[in-house]
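A.B. asks: Mind having a look at this structure? Questions to follow.
The values are calculated or read from the model by the stated rules, or taken from the named source; none is laboratory data. These figures come from a predicted structure and were not determined experimentally. Quick reminder, even Gly has a Cβ in these numbers, built from the backbone with ideal geometry, and neighbours come from all protein chains shown. With ligands, DNA and RNA removed, areas are computed over all heavy atoms of the protein, side chains included. Shrake-Rupley method; radii C 1.70, N 1.55, O 1.52, S 1.80 Å.
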Amino acid sequence: MRSEPRPRLLIVSFSPLRSDARVLRQVRLFAERYAVTTLGYGEAPDGVVEHLRLPDDVVAWHKDRRLLATRRFETAYRASPVVRATRTLLEGRRGSYDVVLANDADTLPVALDLAPAGGLHLDLHEYASRQSEESWRWRLFVAPYYRWLLRRYAPAADSVSTVGTWLAREYRREFGLGPVVVPNAAPFADRSPTPVGSPLRLVHSGLARRGRSLYVMIEAVRAAARPLTLDLYLMPNDPGYLQELRELAADLPRVRFHDPVPPDRLGESLAACDVGVFVLPPVNFNYRFTLPNKFFDFVQARLAVVVGPSPEMADLVRHHGLGVVTEDFTAESLAAALDALTDEQVAGFKAASHAAASELSAQEQVRGWTRAIDTLAARVNG
């Protein structure tokens, strides 16, 4: 008996797909039941039937400044190098896909041009119009472009998702969208908490990006009265800033810098520690309401979690009893929170991560994507 052909799903993202954890979750979620084609930078993700690779020398964020300044937004979009390259890759494919999953606002207009038979789902990884609002240039030139893009094109998406509750509320208030929330949850890991170490072992993983104020963790280790170690697994996306952090910690042998670890091995490295730390000063809207991959990585590693008073993270820490929320975003506040922890409390927080690991795993949290894409695919054959 001939089996029914799998629905054709195109996943579009202007990012290096093999290192984009959120897009990889989408691919893994749908690759068994859908014929998945991807469009993005770098090598093809595992499990896809076809990959349309954007040229490495095309800069995804580049747009003509004069066109932005004169509010010629449609021309700025269509003339951008990444959109021109995308249209070349998709030439002759209008109507070729049952469903399109467009990642982030930048991919939306060119994805809509494909007129997928079942419809289009838009996944918004950040709050597009407020990503870098701490910069006056961004507020003056780039933010109006993204507000135009969302008002002009987002209503044409058949369904929408985003990464957190607060971002969903703001997308609803400002643009009238109704996103479902799909957090950046990590896959479930079958492991148990490790015993609490002496000294207490802190860990942080992520990008070496200046705006993230990573020095706060280093200065907290310096200021803390109790013995601590801090292991940093940082991506060298800003080598100059990473070198500044190394120099800042040069007199602190307890602060250790490690080479980046692939996502499928990161959990093992994190699990060798006790406390996952992330204190991110709210210099823009997205930082204020961040709910990043690393938070869920800490849970799957069965760590205690210490975060700043960022609402999304703080709500989950308190609800599940995962750890401690600092009073503010300073090194002094972080050091005080760490000094106040007892080994018994840390063990209890690690046990709470263990108890919450299934609920906070990708397997549970991605149901919003499953419902959205399956609903659109069902339109094709009734």
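A.B. asks: If you go through region 168-188 one residue at a time, do you hit one that is of a type in the set (S, T, N, Q), surrounded by fewer than 16 Cβ atoms within 10 Å (Cβ to Cβ) and in contact (Cβ under 8 Å) with a residue 60 or more places away in the chain? Write out each step before concluding.
C.D. replies: Just the residues of region 168-188 that are of a type in the set (S, T, N, Q), to begin with: 184.
Then keep just the ones that are surrounded by fewer than 16 Cβ atoms within 10 Å (Cβ to Cβ); that gives none.
Checked region 168-188: no residue is of a type in the set (S, T, N, Q), surrounded by fewer than 16 Cβ atoms within 10 Å (Cβ to Cβ) and in contact (Cβ under 8 Å) with a residue 60 or more places away in the chain.
A.B. asks: Ok, one more. In region 13-60, which residue that is more than 17 Å from the chain's Cα centre (by Cα) and of a type in the set (D, E, K, R) is most open to solvent (accessible area, probe 1.4 Å)?
C.D. replies: Residue satisfying both the conditions and the ranking: E32.
A.B. asks: Mind listing whichever residues of region 75-116 are crowded, with 17+ Cβ neighbours inside 10 Å, more than 24 Å from V181 (Cβ to Cβ) and of a type in the set (V, I, T)?
C.D. replies: V82, V83, T86, V110
A.B. asks: Pairs, please: C-beta under 6 Å, at least 6 apart or cross-chain, first residue more than 18 Å from P16 (Cβ to Cβ) and in region 262-275, second small (G, A, S)?
C.D. replies: G267/A189; G267/A301; L270/A301; A271/A301; D274/G197; V275/A304
A.B. asks: For the structure I just gave you, tell me whether Y41 is of a type in the set (F, W, Y), touching a strand residue (DSSP E or B) at 6+ places or on another chain (Cβ under 9 Å) and within 26 Å of W138 (Cα to Cα). Before you say what the answer is, go through the steps one by one.
C.D. replies: On the way: of a type in the set (F, W, Y): yes; touching a strand residue (DSSP E or B) at 6+ places or on another chain (Cβ under 9 Å): yes; within 26 Å of W138 (Cα to Cα): yes.
Yes, satisfied.
A.B. asks: Answer yes or no as to whether G197 is of a type in the set (G, A, S) and open to solvent by 20 Å² or more (accessible area, probe 1.4 Å).
C.D. replies: On the way: of a type in the set (G, A, S): yes; open to solvent by 20 Å² or more (accessible area, probe 1.4 Å): no.
So G197 does not fit the description; no.
A.B. asks: OK, next. Mind listing just one residue for me: the one in region 262-280 that is assigned to a loop (DSSP other than H, G, I, E, B) and more than 17 Å from the chain's Cα centre (by Cα) and, of those, surrounded by the fewest Cβ atoms within 10 Å (Cβ to Cβ)?
C.D. replies: Of region 262-280, the ones assigned to a loop (DSSP other than H, G, I, E, B) are 262, 272-274, 279-280.
Filter again for more than 17 Å from the chain's Cα centre (by Cα), leaving 272-274.
On the way: A272: 13, C273: 22, D274: 28.
Out of the qualifying residues, it is A272.
A.B. asks: Search region 117-144 for residues being hydroxyl-bearing (S, T, Y) and surrounded by fewer than 21 Cβ atoms within 10 Å (Cβ to Cβ), and hand back the single one that is farthest from E312 (Cα to Cα). Reasoning before the result, please.
C.D. replies: To start, the set of residues in region 117-144 that are hydroxyl-bearing (S, T, Y) comprises 127, 129, 132, 135.
Those left that are additionally surrounded by fewer than 21 Cβ atoms within 10 Å (Cβ to Cβ): 132, 135.
Details: S132: 19, S135: 23 Å.
Applying the filter and picking the extreme gives S135.
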